1. Among the residues of the range 205-223, count how many are of a type in the set (S, T, N, Q), in contact (Cβ under 8 Å) with a residue 60 or more places away in the chain and out of contact with any Asp or Glu (no Cβ under 7 Å at 6 or more places or on another chain).
2. Scan N112, N119 and give me the residue that is part of a loop (DSSP other than H, G, I, E, B), within 26 Å of F203 (Cβ to Cβ) and of a type outside the set (S, T, Y).
3. Return only the number of the condition from (1) modelled with pLDDT of 90 or more; (2) under 16 Å from V52 (Cα atoms); (3) of a type in the set (D, E, K, R) that K232 does not satisfy.
4. Here is a list: G138, G147. Which entry is touching a Lys or Arg at 6+ places or on another chain (Cβ under 8 Å), at positive phi and surrounded by 15 or more Cβ atoms within 10 Å (Cβ to Cβ)?
5. Give V8, V114, V110 a once-over and let me know the one that is β-branched (V, I, T) and either modelled with pLDDT under 85 or surrounded by fewer than 18 Cβ atoms within 10 Å (Cβ to Cβ) (or both).
6. Look at the range 55-75 and say how many of its residues are crowded, with 23+ Cβ neighbours inside 10 Å and over 15 Å from P145 (Cα atoms).
7. Restricting to the range 109-135, what's the tally of residues that are in contact (Cβ under 8 Å) with a residue 60 or more places away in the chain and either more than 24 Å from R31 (Cα to Cα) or of a type in the set (D, E, K, R) (or both)?
8. If only one of E191, E154, E133 is assigned to a loop (DSSP other than H, G, I, E, B), at pLDDT 85 or above and among the acidic types (D, E), which one is it?
Amino acid sequence: MGDAQDGVNSLGGGRVVDKSLSTLARRTVARAFAVVITIFARFLTAVRGIWVGNEPSRKRRIYFANHASHGDFILIWIVLPPRLRRKTRPVAGSDYWLKSPLRSFIGRDVFNAVLIDRNKETRTDDPVATMQEALDRGASLIIFPEGTRNTTGEPLLPFKAGLYHLAQGRPHIELVPVWIENLNRVMPKGEFIPVPLMCSVTFGPSLQLADGEDRETFLARASTALLALKPKRNGSA
């Protein structure tokens, strides 16, 4: 009886060890993927991070950016100092990042993304509550307040209310506007072969929700702060 019990315990212990090894292997592969993606993205875009009236900080932050490509959060992530990358999580649509095992692995394991169901009819969790939970666990977030990729001729789409609700629910956390320039030209919608082109990621001064500030006023102010970071082209005002 004792031998049988020892065998059961051994089998159970083996499963635990196997699971631990599997988790370790997955993390190792994820780290390797992150290095490869970083090298490839830097080679393709020669991306540079620009800090205007701000600087990298270990404080929890919400980086909010313009959105023109599925690769947007990757550029923000790779220009952050390594010590900040480990605690910075992009917020992304589960409808895209769970479409295939590879995308799921990259989104969940490589970038530790906060995946949100953008379909109001099918989702069971409140997206704002999910993001707040990630913040409460010590993460910084990368979000795109336009809510979807901007494929129009306008520089920005109207902001969704999520940024306001995050600012209202966690008023002590800094909101940092981030302008991503040129990535939509590197990876045009519908194209599979990227075009090498220099990109930049500009971080602006932090802002927070003012006392008594309503949603429309705050979102307009946040949109203006983000648009102010857009590089001026020759001949533009």
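1. Total meeting the criteria: 1.
2. Residue meeting the stated conditions: N112.
3. Result: K232 passes all but (1).
4. Among G138, G147, only G147 is touching a Lys or Arg at 6+ places or on another chain (Cβ under 8 Å), at positive phi and surrounded by 15 or more Cβ atoms within 10 Å (Cβ to Cβ).
5. On the way: V114 fails: either modelled with pLDDT under 85 or surrounded by fewer than 18 Cβ atoms within 10 Å (Cβ to Cβ) (or both); V110 fails: either modelled with pLDDT under 85 or surrounded by fewer than 18 Cβ atoms within 10 Å (Cβ to Cβ) (or both).
Sole residue among the options that is β-branched (V, I, T) and either modelled with pLDDT under 85 or surrounded by fewer than 18 Cβ atoms within 10 Å (Cβ to Cβ) (or both): V8.
6. So the answer is 2.
7. So the answer is 1.
8. The match here is E154.
The values are calculated or read from the model by the stated rules, or taken from the named source; none is laboratory data. What you are looking at is a predicted structure, and each value in this text was computed from that prediction instead of being measured. Glycine gets a Cβ as well: all are built from the backbone with ideal geometry, and neighbour counts include every protein chain shown.
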